[in-house]
Every structure is written in structure tokens, then in C-alpha cells.
Amino acid sequence: MKKVILKRTLSRNDRKAMMRNGGVLTDHNNNRVIIMLAIRVKTIKAKLGFSRTTRDAQFLTNANAIYQALVDDVGGYFTVPFTQMVLFNTQLVVYSKAITKAKLRGLGASAEKETAKNTLYGILLNALSYVNDLARTNIENAVSIIEEAKMVLAGSGGYKKQDFYARQGAGTGEVKLFSIAVKVDGKYVKATYFWQFSIDAGVTWVDMETTTMAKTLLTGMIAGKAIKLRKRTKSSKTGLSKWSTPIDFTPQ
């Protein structure tokens, strides 16, 4: 198979495929392998937003917020859970008790608190890596993933999240639908997501199953036949929204 050094701009999907495969893209149609020398891709990453030296009370508050966000999984991004969730919860309790003990100035309490804090900070750094891995493999929702995890967006520039979009699913005639998660005053809230599709250019609409996550999967579509899609949301704080502007998609 012929090897080709890349000297042109690739499509977004090609760039993502090459990133997943170590800078190599196989072009089966032309029987060649494209080797990526360098591409410029905007990196969207998270940071904790606080450090090891943050005061104990604030450190504990922030750590609890991250833990609870991963548990609540409002947007459905953490369905494959952080592997240290049990240890995370245990260490939050250990650190909280150590803070209380240190305030009473017990023998060795200060050193015990510092040890508990260091251990918890290590878990937080692992949680940060977990969130960044999710963001890296789900570029379209990277900002939402980071914000939902109660972490801070780093180096995002002017990145703007799409309110509603669709992607090809794994199987023939499958379509993945994604919505921006509902927020009120900058905070995510529990919501119901309504989805519809149309196979006759929007003359009639077919209801899909509602979800409590900001994504769903449509199956059974005819490959190569264009459809229209739309969504709306409902929460106790925002009420029922209007239907979104329909988007066009052609399943494969």
C-alpha cells in the first residue's frame, strides 16, 4: 500500500480519525496510507480551577462538587464512570474528618490532614484526566463535559457549543442526536428532552422516546434518504421550550 505525506488540509472527520490512529489515515479507495506530519487542532481541555494549596474548606467544597457532578451525570456524559468513584467518596469523608480533627489541635492531626488532602488531590488529578479523555473523544460536547464536571475550561478561546446536531451512528440507518444540556443561571438542571424526525420534508413529524439525557439514538432510517430532525426541552425551571429549527441529515 502506498504511503503519502500529507500536505493539504483534511476534513474535520479525517483529522479526528487520524488523531485516534496516531497520525495515520487509511484511504481504501485509493489504496494508500496518509501520514500526518502536523495538524492544527484546537484543544479544549479542563483544569480543576483550584490547587493543592487552596484553603481546606474551599478545597473540600470544590472536591465535593466535582464528585457530585460525576454522580448526578445530568447530561449523560459519564455513563462510563470514573474508576475511582468509591475511593473518591471515601477520601472525601477521610479528609473532612481530618479537617475537623485538626481544628481541635489533636496530636498529629495536622500531618494527618495534609496526608488526606494529598491523597484526595491525587484522585482529583485522575478525575481531571478522566474528564479530559472524555472531552478529547467527544469534541462536539467537550465544553459541556468539562462544565458539567464542575471543572474549569482552559484554552477554549471563542469555542461555541452547538445547540442541536446529528451524527451518523454505528449501524446503517442509525443517527445520533445531541442537544446542549439545559442550564439556568450557569448551572445544569435536570430536564426532559423531546425528539422528533420527519421523512417527508417536515410535513409530518414522528415522536421519538423522550430522554433525561441530552442525547439519543434514532434507528431504522433508510440509508441515503434525507430526513429532518428537531428537539425541545422541558424542566421545572425553564418550562417547555419551543421546537428547535429543524436540521437536515442523510443517514448512511
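Principal axis lengths of the range 164-249 from Cα atoms, whole Å, largest first?
Sorted largest first, the three principal extents are 41, 28, 18 Å.
Check cross-link reach from residue 225 to the aspartates and glutamates: straight Cα distance under 20 Å, and skip same-chain residues fewer than eight apart.
Hits, sequence-local ones excluded: 174, 200, 207, 248.
Would you kindly compute the Cα radius of gyration of the range 79-150 and its largest Cα-Cα separation (Dmax), both in Å?
15.6, 51
In µm²/s, what is D for the range 210-252 at 25 °C and 0.890 mPa s, where D = kT/(6 pi eta Rh) by Stokes-Einstein and Rh is the Kirkwood radius from Cα pairs?
Values: Rh = 12.2 Å.
D = 200 µm²/s.
For residue 45, list long-range residues whose amide hydrogen, built 1.01 Å from N in the peptide plane, is under 5 Å from its own amide hydrogen.
154
Over all alpha-carbon pairs in the range 52-104, figure out the percentage whose distance exceeds 12 Å. Could you put the intermediate results ahead of the total?
Values: 937 of 1378 pairs.
Cα-Cα pairs of the range 52-104 separated by over 12 Å account for 68 percent.
Would you list 221, 85 from fewest to most Cβ contacts within 10 Å? Walk me through the intermediate numbers first.
Details: 221 20, 85 16.
By the 10 Å Cβ count, ascending: 85, 221.
What would the Debye equation give as log₁₀ I(q)/I(0) for the range 43-193 at q = 0.16 Å⁻¹, counting only Cα atoms as equal point scatterers?
So the normalised log intensities work out to -0.90.
For the range 123-208, what percent of Cα pairs sit more than 19 Å apart?
Within the range 123-208, distances greater than 19 Å cover 53 percent of Cα pairs.
Every number here is computed from the coordinates shown, using simple stated rules; none is lab data. As the structure is a prediction and not an experimental result, all values here were calculated from the model. Cβ sites come from the backbone with ideal geometry, for glycine too, and all protein chains shown count toward neighbours.
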